[in-house]
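> Take this structure, written in structure tokens, and hold onto it; I'll ask about it next.
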Amino acid sequence: MRRPFALAAALALPLAGLGLSWAAAEYTSRQGTVWHVPITGYDPRDILRGHYVIYTYDWPGLETAARDRQFGDTLCLEGNAPHLTRAFPPQGRPCAAFVTARGGWNDPEGGLASGRLYVAQERATELERRLADPALQGMVRIRVREDGHLTPLDITFRERDGEAAQTTRNER
């Protein structure tokens, strides 16, 4: 009589642990504040590795030349979420909200220079087309946890103002 109970417990315990682990990870992934960050440029998806769009963050407040410099692995965020008004390196000051790169500024899997959003093939094709349109400004929605970890959620678009759209067209 004890043997079937012990066998059932031996099978149920790892499944219960796996379920609790999944529930904790799911809960943690849904925590944080959503911000909208402008993006520029993109790289078409690599069909051999999946369907995704790679983009470059256009952090407001960072000068164009300064974006290529490495600031370390943290940026302070300023604004009323989800509207980001400025991002800047902390330089020893505390930040109310911040993002942190797991592997450094240029890390392709979680850096602050660029990001990757996995999407369905049809959506990737649509995003590529819209990102190439100079009249539209791409905005990535990111979720930032309290520890600074960022997760890209989606890419949306808004109309550029007339002058910015014309400048972008002339640059091409």
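The values are calculated or read from the model by the stated rules, or taken from the named source; none is laboratory data. Fair warning: this is a prediction, and the values are worked out from it, not measured in the lab. Cβ coordinates were reconstructed from backbone atoms using ideal geometry, including for glycine residues, and neighbour counts include every protein chain displayed. Keep in mind that these areas ignore ligands, DNA and RNA; they rest on the heavy atoms of the full protein, side chains included. Shrake-Rupley method; radii C 1.70, N 1.55, O 1.52, S 1.80 Å.
> Before we move on, is R102 more than 22 Å from T151 (Cα to Cα), basic (K, R) and modelled with pLDDT under 85?
On the way: more than 22 Å from T151 (Cα to Cα): no; basic (K, R): yes; modelled with pLDDT under 85: yes.
Judged against the criteria, R102 is not a match.
> Checking V144 against (1) under 15 Å from H36 (Cβ atoms); (2) open to solvent by 70 Å² or more (accessible area, probe 1.4 Å), which test does it fail?
(2)
> Can you name the strands (runs of 3 or more DSSP E) wholly within the stretch 21-90 that have at least 3 residues being open to solvent by 30 Å² or more (accessible area, probe 1.4 Å) and modelled with pLDDT of 70 or more? Quick ask: steps written out before the conclusion?
Details: elements: 33-43, 52-57, 74-80, 83-88.
Those strands (runs of 3 or more DSSP E) span 33-43, 74-80, 83-88.
> Tally the residues that are closer than 12 Å to Y55 by Cα and not in a loop (DSSP other than H, G, I, E, B), restricting the search to the stretch 106-123.
Residues flagged as closer than 12 Å to Y55 by Cα and not in a loop (DSSP other than H, G, I, E, B) within the stretch 106-123 amount to 5.
> Which residues, counting only those in the stretch 127-141, are among the hydrophobic types (A, V, I, L, M, F, W, C) and not in a loop (DSSP other than H, G, I, E, B)?
Just the residues of the stretch 127-141 that are among the hydrophobic types (A, V, I, L, M, F, W, C), to begin with: 127, 131-132, 135-136, 139-140.
Residues satisfying the conditions are L127, L131, L136, M139, V140.
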